[in-house]
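Just below is one structure, and these are the notes that go with it.
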């Protein structure tokens, strides 16, 4: 894993990644955090999210995606369902869901340049040390 400081969306738009993924809730909102920016810059990714059933707990640990145009070509934007809801106290990210989503990314994008934010460690209040170890183990 290589850490890069910067704006993941700008980096994706300028062709630094073939794939980006972000943590999503199962409510089809994309109303805050990096998801809100993705909704604005990559509306196809939001459409892919809205094509799933709102509030379906079975989405946890799965992914939807869209191929989106960038300045230099295309980038797949992956909605990784790593938390059920965006409301509530305490940790909202589900670590088993993060693990399942990372396995999905490896299966579908092995060998590709994948950009990830600190998925699950922001608004979802997860422990980055736990999430980072899951990413390293699975990718």
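Since every read-out is calculated from the coordinates, none of them should be taken as a lab result. What you are looking at is a predicted structure, and each value in this text was computed from that prediction instead of being measured. Note that each Cβ is placed from the backbone with ideal geometry, even for glycine, and that neighbours are counted across all protein chains shown.
log10 I(q)/I(0), Debye, Cα-only the range 44-116, no solvent, q = 0.23 Å⁻¹?
-1.12
As a footprinting exposure proxy, order 91, 19 by other Cβ within 10 Å, with the fewest listed first.
Ranking 91, 19 by Cβ neighbours within 10 Å, fewest first, gives 91, 19.
Which order results if 1, 30 are arranged by neighbouring Cβ count within 10 Å, fewest first?
Values: 1 8, 30 24.
Ascending Cβ contact count within 10 Å gives the list 1, 30.
Where the centre of each part is set by its Cα atoms, how far does the range 1-31 sit from the range 61-120, in angstrom?
Cα centres, the range 1-31 to the range 61-120: 8 Å.
Rounded to the nearest 500, what is the 222 nm mean residue ellipticity of the chain from helices alone, with -39500 (n - 2.57) per DSSP H run of 4+ residues and division by all residues? Don't skip to the end; give the middle numbers.
Details: 5 runs with 49 residues, N = 139.
After summing the helix terms and dividing by residue count, I get -10500 deg cm²/dmol.
Relative to the present Cα-Cα distance, how much length would full extension add between residue 56 and residue 85 at 0.36 nm per residue of separation? Provide the component values of the computation, followed by the final result.
Working: separation 29, 0.36 × 29 = 10.44 nm, distance 1.02 nm.
Between residue 56 and residue 85, full extension yields an extra 9.4 nm.
Springs between alpha-carbon pairs under 10 angstrom, Gaussian network model over the chain: which of 33, 126, 61 fluctuates most?
Largest GNM mean-square fluctuation: 33.
Can you give the relative contact order of the chain as a percent, counting alpha carbon pairs under 8 Å and 6+ residues apart? If you can, show how the numbers build up before the last one.
On the way: 254 pairs, mean separation 39.6, N = 139.
The value is 28 percent.
How would you rank 46, 86, 3, 81, going from fewest to most other Cβ atoms within 10 Å of each one's own Cβ?
Result, fewest neighbours first: 3, 86, 46, 81.
Roughly what % antiparallel, to the nearest 5, for the DSSP beta bridges in the range 8-138? Each step should come with its number before you reach the end.
On the way: 9 of 17 bridges.
Within the range 8-138, antiparallel bridges account for around 55 percent of the total.
At q = 0.12, 0.14, 0.15 Å⁻¹, what base-10 log of I(q)/I(0) does the Debye formula yield for the chain when every alpha carbon is treated as an equal point scatterer in vacuo?
Computed log10 I(q)/I(0) values: -0.41, -0.56, -0.65.
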